[in-house]
Each structure stands twice: as structure tokens, then as C-alpha cells.
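One structure is given here, and the rest of the page talks about it.
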């Protein structure tokens, strides 16, 4: 009798536990559905996909749309998939300066599979080695398919710094990083099998500023398809003004005039950054005084430049992270900013004390914003096809929803099995 009562009580406990977990699973499904169908609602669900483990799409076969002329060519001696980063090498351009760089060929590189190409640009006085160590883009668990190229600037600086290029205070007035990058991309696309629809750039500090300048450039904005910055130094060319209202469309190198709309940009910035202040600065002195914009003002200005409202969806994954996302109903997050409370002027890595790791978020952002799979049907012309980021975003959102549904179904099935047992 006592044994029967105990068995009945155990069954009741299993029923209650199963019911509670089933309710949790169903609630999670509803959350995923809400995130997919109501992107304009302020909710932590809007950034749910950022924290899911996503499946990295394999490189596309060549020849095909967005595959470069380097496809089919054997690797030169010294380059080996999955081996240590090769270099340094020097690339010389018409401005008379040579830039040192290194290249990491991913483990799964194939001469007839077009790999994404990702550039890493370090902060002022830092080198190609620094940005490689900060980003971990040579780690196959972080980046299994993209060729990573790490670049040192002339005198370890870039034209986003007022001391370089066509500015009145320039110590290095002949430096032309824009022409360098145009030539460099063409060189790499002819040497390696590159997916020209997935050429990306990430930078820290002054390197992040260069990424911004390239996104503003009429030519490079059409060659590089997605952009990312950590602690970005987004100098304007103004010597006075309010950081919260300053025109961010005038960089150190002139007007911001991208040749296309819907440019994807993600940025990470710490509130305790005392080098490139989060609230901006009206008297930042680096080779002459320039106004640094407030970071949220800079991000919302990019949203407007992309054709969207300044209104954003805000979520808080945890107490130290606040995420701002701009865009339309089909591509919310095309402009994304991560505010990292208490973080300093350093690339965001948990191992260094940051509340998040920036690189996996950046990689998912890059893939989501350059999802061209539905348009790869024609023969390659060497020019990237134009596919709206709205399609890319909605495709990735659907994938995230399917991932959530599959995961929840697995949980429910496991619970049912536990009940039977």
C-alpha cells in the first residue's frame, strides 16, 4: 500500500515537472515567433538571434555569382590551409608607402570554393599582430571559412586619424588608405578564391575609424559588404561643435558619400572608454583638435544615412550590456550598437574582462547581413550582385526561428521520453 502511494506520488511529481517545462518550452516558442513577426517592438527577443549558436554557411562553388578570378589557382608556397598565419608581407601602392600585412588561410579553404574575406585593422600604434590576437579570427572555431587579412597602417596609423591624408593638420599628407584598399582587394581577389559578396572589415579604435571612412567612400562602400568597429574613433573634420548633434557625415577625409544604401554596420563601445569617449568630445586633440561624436548619435546618423528612422529597438541581454538596433521591419539590426557598461578602450573579449565577446557576434552579423544564397544563379562577372539586406535579414531571422523551434521540439521530446521512463 505504502509502495503504491509512493509510486503515485512520484508519477504526480513527474507530471508537474513535465507540465512546467512544457509551458516553458511553449512560452519560448511564442517568444521566438514574436521576435520574428514583430521586429519593431522593444524587447529582448529582438536580439535573440545574436545569442543563438548559428550554423556558418559553407563557401559557394566556383565559378558562380560573386566568385573572384583567383578561384581555381593553386596557393603560393608558404600558404597552407589551417596553418599559422603567413607573413608579414608588404603591399606597395601609388601613394609611395608600403603596408605590412599577414594572411591566415582557413582550415577548410578550397581553390574552387569562394571564401569570405575579412580585413582586420588595429588601433593607433598597434600592428597586424595586435588585431589578430584581439579578434581571434585565425581560430577555426571562430572563423572556419573566411580568409583573414591583418593590416598595419603607415607609421601604425590610418587616414581616419586627423594626422593622415588630406587634412590641414596632417603629418602624413600623402597617405591614401582608400586607394591602397581598392588595389589590395583587387590583388587578393586575383590571388585567392574570394566570395566578392562577402568582403568584410573590422577595426579597433583608429582601425575602427578607418572602417567608418571606408563605409563612407563611394568605391569601397560597394566592394566591402559589411562593417564592424570596436571602440571606434569616428573623428569628424570639425574643430568645434556639440558631440550630440555634430554632423557625422563629414569625416577627416571629406563627405560621407556611400554609393549604395542599406550598409550594415555594427559597433561596440565601453562607457568607461577614456581614449575615445562614449559621449564624444568637442576638443579631442590628436594631430589637431577635432570633434568626436557621441556614439549613439553616430550610430543613429548611420541609420538615417541608410534610409531609416532614428528610432531604435533597445534590449538589455544583461546588466552590463545594452543593445541598440536600427532598421526596417524586415532588417532590424542592420545598424547595431552594443553599449558595454564599465568597459574600457579595448577590444571586447570576456578573457580581458569585457561582458561579452565581440567577435562571434560580429561574425554572425556579417553572415546574416550578406546572405545572398537566393541570388546566386548567374555566371560570375566579377562584380558583386546586389541583394537587399532586408532579404538577408529576414532569411536569417527565419533560420533563427527554425533553430528555436527545433531546439524546443527536442526539449519536449526529451521530456516525453523522461516521462515514459
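The values are calculated or read from the model by the stated rules, or taken from the named source; none is laboratory data. Predicted, not measured: the structure shown is a model, and the values here were computed from it. With ideal geometry, Cβ positions are generated from the backbone for all residues, glycine too; neighbour counts draw on all protein chains shown.
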The residue that is modelled with the lowest pLDDT, considering only those in the stretch 213-258 that are touching a helix residue (DSSP H, G or I) at 6+ places or on another chain (Cβ under 7 Å) and part of a strand (DSSP E or B), is 251
Which ones in the stretch 186-212 are part of a helix (DSSP H, G or I) and surrounded by 24 or more Cβ atoms within 10 Å (Cβ to Cβ)? 206, 207, 208, 209, 210, 211, 212
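Just give me the residues in the stretch 260-273 being more than 17 Å from residue 210 (Cα to Cα) and surrounded by fewer than 24 Cβ atoms within 10 Å (Cβ to Cβ), in sequence order.
Once the filter is applied, which keeps residues that are more than 17 Å from residue 210 (Cα to Cα) and surrounded by fewer than 24 Cβ atoms within 10 Å (Cβ to Cβ), the stretch 260-273 yields 260, 261, 262, 271, 272, 273.
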Go through the stretch 352-378 residue by residue and tally those that are at pLDDT 95 or above, over 13 Å from the mean Cα position of the chain (by Cα) and on the phi < 0 side of the Ramachandran plot. 4
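Of all residues in the stretch 61-87 being touching a helix residue (DSSP H, G or I) at 6+ places or on another chain (Cβ under 8 Å) and touching a residue at least 60 places away in the same chain (Cβ under 8 Å), which is farthest from residue 155 (Cα to Cα)?
In this case the residue turns out to be 65.
Conditions (1) at negative phi; (2) in contact with a helix residue (DSSP H, G or I) (Cβ under 7 Å, 6 or more places away or on another chain), marked per residue:
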site	(1), (2)
139	yes, no
148	yes, no
152	yes, yes
190	yes, no
205	no, no
210	yes, yes
Evaluate the following for residue 174: is it surrounded by fewer than 21 Cβ atoms within 10 Å (Cβ to Cβ), in a loop (DSSP other than H, G, I, E, B) and touching a residue at least 40 places away in the same chain (Cβ under 8 Å)? yes
Residue count, the stretch 60-80, condition crowded, with 17+ Cβ neighbours inside 10 Å, modelled with pLDDT under 95 and not in a loop (DSSP other than H, G, I, E, B), comes to 1
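List the strands (runs of 3 or more DSSP E) that sit entirely inside the stretch 270-350 and contain at least 3 residues that are more than 21 Å from residue 124 (Cβ to Cβ) and in contact with a strand residue (DSSP E or B) (Cβ under 9 Å, 6 or more places away or on another chain).
Output list reads 313-318, 321-326, 335-340.
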Selection status of residue 162, over 30 Å from residue 58 (Cα atoms) and out of contact with any helix residue (DSSP H, G or I) (no Cβ under 8 Å at 6 or more places or on another chain): yes
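Within 19 Å of residue 344 (Cα to Cα), touching a residue at least 24 places away in the same chain (Cβ under 8 Å) and surrounded by fewer than 18 Cβ atoms within 10 Å (Cβ to Cβ), is that true of residue 318?
So residue 318 fits the description; yes.
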